[in-house]
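In what follows, a single structure is set out as structure tokens and then discussed.
The values are calculated or read from the model by the stated rules, or taken from the named source; none is laboratory data. All values derive from a computational prediction rather than experimental measurement. Note: accessible area is taken over every heavy atom of the protein model, side chains too, but ligands, DNA and RNA are not part of it. Shrake-Rupley method; radii C 1.70, N 1.55, O 1.52, S 1.80 Å.
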Amino acid sequence: MPGGSESLYMEPETRYARSRGLRVAYQVTGEGPDLVMVPGLTSHLEIQWRDPGYRRFVRSLSSFGRLVRFDKPGTGLSDPVSEPPTLDQRVADVMAVISATRCRRPVVFGFSDGGPIAITLAADHPRTVRALILYGTSPRRPPGP
């Protein structure tokens, strides 16, 4: 069963959602209530899985729910981008992953640079997001180039 408990012990399968004509890589582990993790500035699903500490963290979250992780376009296994996406484009990317994974009112967990994306998603789509968890973030994106 895809995303089931057996996936807690092996590398999860990488699948792809479509957003804005781009492929957005995602992985699903665990069963139960949906939890969508919005990553920080960079991520790489396969490389992160190789880190024992990160793998323990993912397994812990997946032990009580269905965890959906993804690489934002321009990072990891997702398609590259020619310019930094806007906040609204990032929200559209998360919505594409939520749709592709058939999440039902997920809890959204945003950390670091993913925080403003998670906040905007929850504010713009209150009927989609059940709850919001924020860690090490602020309501604004950090200044960039």
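Some notes on this structure:
- Accessible area per residue, Å², the chain with all protein chains present, probe 1.4 Å: 54
- With every protein chain in place, the chain: carbon and sulfur % of accessible area (1.4 Å): 54
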